[in-house]
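The values are calculated or read from the model by the stated rules, or taken from the named source; none is laboratory data. These figures come from a predicted structure and were not determined experimentally. Here the Cβ positions follow ideal geometry from the backbone for every residue, glycine too, while neighbour counts run over all protein chains shown.
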Amino acid sequence: MRRLVTHLFLICLLVLSLPAAAKDRVWVVLSAAEGVHAETAAVLRNELGGEARLKFGVPGDLLNTQEAPPSLIVTVGTVAFDTTHKWLSERYAIWGHVPVLATLLPRSAYDARMAEAGRTARVVSAVVLDQPIDRQLALIKRALPSWQRVGVLLGPQTRLQLPLLERQARLRDLRLVKSPSVDRAEEIYPALKEVVESADVLLALPDSVLYNSSSLQNILLASYRARVPLVAFSPAYVKAGALLAVYTTPTQVARHAADVIRGWLAGRGLPPAQPPREFDVVVNSHVANSLGIRIDEAAEIAEDLRQAEAQ
């Protein structure tokens, strides 16, 4: 009996001394091998290279394998998440136990895939790109403190957030100016015209029906003519003519994801899908000047928001 206990003890010591246990095998599936996806991969490698056995690749390379399943799959971008989700579903008998952490994708893409999957034993979580509603409204309250009427266009995705929008607006003494529901491109301009007649500022929320490459310039032009600036969710929108935005960079998403993976490696499991923890603010000073709006520096606004969230 004593010999058996000794053998078991030695086996435990051997397992603990291994540089990377089986649990440390993490695949990182990239939507593309360059751009923001490569940037995210580089940060993950730098953050976790000494803590886990990482393997990187695009879906066509990484998923076409005869290897045993990894212990965790991290996807970077919507294409990687969609492809991986479909691939795993088709091989559920063998791969059904593999948890997935999705990164660098909008919340709508994550929610849509989870709705399609229905009830499943696989654990799937995400660090999404969308800023939380309370942070976006806090941005308006901090950057434009005398403006109280916040306009929003309601499309198929944004109208699902209406109860939360209304609740968070009330908490900040802001009045929500809602548009009629928009389901088609031709309905955008009449809805926008109705909103800007009563709003001080227009808050853009991610919704592919409302805000896309075909509609953005017309929305920016109409809001500018009405002297109702757009508060956006992307620095590209600010460059195109929005007044300001709060956003998260791929590097910030990767650092957040690395912390989630560390927790998983430590045995804490994957948390529910969550918005990005880190963020920056960008301001278009030319738009502010042309509309006669006095606004603080972006870095100062961002730091105040961070301090408020830390309290």
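Surrounded by 18 or more Cβ atoms within 10 Å (Cβ to Cβ) and part of a helix (DSSP H, G or I): is that true of GLN131 in this structure?
Numbers: surrounded by 18 or more Cβ atoms within 10 Å (Cβ to Cβ): yes; part of a helix (DSSP H, G or I): no.
No.
Of all residues in the range 176-186, how many are within 15 Å of LEU162 (Cα to Cα) and surrounded by fewer than 14 Cβ atoms within 10 Å (Cβ to Cβ)?
Of the residues in the range 176-186, 1 are within 15 Å of LEU162 (Cα to Cα) and surrounded by fewer than 14 Cβ atoms within 10 Å (Cβ to Cβ).
What are the residues in the range 237-265 that are of a type in the set (Ser, Thr, Tyr) and closer than 11 Å to PHE279 by Cα, if any?
Those that are of a type in the set (Ser, Thr, Tyr) and closer than 11 Å to PHE279 by Cα: TYR247, THR248, THR249, THR251.
VAL152: in the same structural domain as PRO99 (by TED's automatic domain parsing) and surrounded by 17 or more Cβ atoms within 10 Å (Cβ to Cβ), yes or no?
no
Please work out if ARG294 is of a type outside the set (Ser, Thr, Tyr) and in contact (Cβ under 8 Å) with a residue 40 or more places away in the chain.
Considered against the rule, which asks whether it is of a type outside the set (Ser, Thr, Tyr) and in contact (Cβ under 8 Å) with a residue 40 or more places away in the chain, ARG294 comes out as no.
In the range 59-81, which residues are farther than 22 Å from GLY263 by Cα and at pLDDT below 95?
PRO59, GLY60, ASP61, LEU62, LEU63, ASN64, THR65, GLN66, GLU67, ALA68
Please identify the pairs in which a residue from the range 152-171 that is free of Cβ contacts under 8 Å to residues at least 60 places away in the same chain and closer than 22 Å to ALA112 by Cα has its Cβ atom under 6 Å from the Cβ atom of a residue that is of a type in the set (S, T, N, Q) and part of a helix (DSSP H, G or I), counting only partners at least 6 apart or on another chain.
Every condition considered, the pairs that remain are GLN157/SER108.
Output the residues belonging to the range 153-176 that are in a helix (DSSP H, G or I) and in contact with a strand residue (DSSP E or B) (Cβ under 8 Å, 6 or more places away or on another chain).
Correct list: THR158, ARG159, LEU162, LEU165, GLU166, ALA169.
Just checking, which of VAL282, VAL238, VAL253, VAL260 is assigned to a strand (DSSP E or B), in contact (Cβ under 8 Å) with a residue 24 or more places away in the chain and not hydroxyl-bearing (Ser, Thr, Tyr)?
Exactly one residue qualifies, and that residue is VAL282.
So, ALA199, is that one crowded, with 18+ Cβ neighbours inside 10 Å, not acidic (Asp, Glu) and not in a helix (DSSP H, G or I) or not? I'd like the intermediate steps shown before the answer.
Values: crowded, with 18+ Cβ neighbours inside 10 Å: yes; not acidic (Asp, Glu): yes; not in a helix (DSSP H, G or I): yes.
Yes.
Please state which one of ALA93, ALA68, ALA102 is surrounded by 15 or more Cβ atoms within 10 Å (Cβ to Cβ) and either among the charged types (D, E, K, R) or assigned by TED's automatic domain parsing to the domain that holds VAL29 (or both).
On the way: ALA93 fails: surrounded by 15 or more Cβ atoms within 10 Å (Cβ to Cβ); ALA68 fails: surrounded by 15 or more Cβ atoms within 10 Å (Cβ to Cβ).
The conditions single out ALA102.
State all residues of the range 263-279 that are part of a helix (DSSP H, G or I) and surrounded by 14 or more Cβ atoms within 10 Å (Cβ to Cβ); if no residue qualifies, say none.
Matches in the range 263-279: TRP264, LEU265.
Within the bounds of the range 178-189, is there any residue that is without any contact (Cβ under 8 Å) to a residue 40 or more places away in the chain, under 21 Å from TRP147 (Cβ atoms) and more than 20 Å from the chain's Cα centre (by Cα)?
Yes - at least one qualifying residue is present in the range 178-189.
Given ALA121, ALA112, which one is at pLDDT below 90, over 29 Å from ALA185 (Cβ atoms) and surrounded by fewer than 18 Cβ atoms within 10 Å (Cβ to Cβ)?
That would be ALA121, the only listed residue that is at pLDDT below 90, over 29 Å from ALA185 (Cβ atoms) and surrounded by fewer than 18 Cβ atoms within 10 Å (Cβ to Cβ).
Give the residue, chosen from ALA126, ALA80, that is without any contact (Cβ under 8 Å) to a residue 60 or more places away in the chain, crowded, with 16+ Cβ neighbours inside 10 Å and either not assigned by TED's automatic domain parsing to the domain that holds ALA257 or not charged (D, E, K, R) (or both).
On the way: ALA126 fails: without any contact (Cβ under 8 Å) to a residue 60 or more places away in the chain.
Every option except ALA80 fails the conditions.
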